[in-house]
Amino acid sequence: MKVVERNFLDEEVIWRNGPDAEHPYESNKEGTDLLIRLNDFPAESLYTLLVNNHEVADFDNWPENWNREKTESNNRDQSDQVLFKARKRFTEARTIHKKSAVKSRRQ
């Protein structure tokens, strides 16, 4: 049996809200479970694509052929959570960097 690897980054995928802020989007394409994980940006790529619970790709830019489905329930809340988490991680990284620079100058 031949295993065919798919590059979901190049395919059209419609995403719905995921289970939590760390996993803001999920989808199922032809029986394959897809999940997006939000990472520790900027130290890591912004997103990781998980296929059937296996990490397959890290990326920063949302593919143009992927669509985030708008739902009536919590679409705005989910997007706000993702942005808040990314901003918080960026601010924490910037603060650590500044403290490290000040400490280096004192030595």
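The values are calculated or read from the model by the stated rules, or taken from the named source; none is laboratory data. Small disclaimer: the values here were computed from a predicted structure and weren't measured. No Cβ is skipped: glycine too gets one built from the backbone with ideal geometry, and neighbour counts run over all protein chains shown. The area values use the complete protein model at the heavy-atom level, side chains included, leaving out ligands, DNA and RNA. Shrake-Rupley method; radii C 1.70, N 1.55, O 1.52, S 1.80 Å.
Here Arg6, Arg89 are screened, and the one residue that is open to solvent by less than 60 Å² (accessible area, probe 1.4 Å) and at pLDDT below 90 is Arg89. Residue pairs whose Cβ atoms lie under 9 Å apart, separated by 6 or more positions or on different chains, with the first residue in region 6-26 and farther than 16 Å from Ala57 by Cβ and the second at pLDDT below 90 and in a loop (DSSP other than H, G, I, E, B), are Ile14/Glu69; Arg16/Glu69; Arg16/Thr71; Asn17/Glu69; Asn17/Thr71; Asn17/Ser73; Asn17/Asn74. For region 45-65, what are the residues that are under 12 Å from the mean Cα position of the chain (by Cα) and either open to solvent by 100 Å² or more (accessible area, probe 1.4 Å) or among the small types (Gly, Ala, Ser) (or both)? Ser45, Glu55, Ala57, Asn61, listed by residue number. Checking each residue in region 27-40 for being closer than 15 Å to Phe59 by Cα and either among the polar types (S, T, N, Q) or in a loop (DSSP other than H, G, I, E, B) (or both) picks out Asn39, Asp40.
Looking across region 1-26 at every residue that is in a loop (DSSP other than H, G, I, E, B) and aliphatic (A, V, I, L, M), the one that is farthest from Ile96 (Cα to Cα) is identified as Met1. Residues that are farther than 25 Å from Lys85 by Cα and surrounded by 14 or more Cβ atoms within 10 Å (Cβ to Cβ) within region 9-44 comprise just one, Lys29. Within region 25-59, the residues that satisfy the criterion of being closer than 28 Å to Arg94 by Cα and of a type in the set (Gly, Ala, Ser) are Ala43, Ser45, Ala57.
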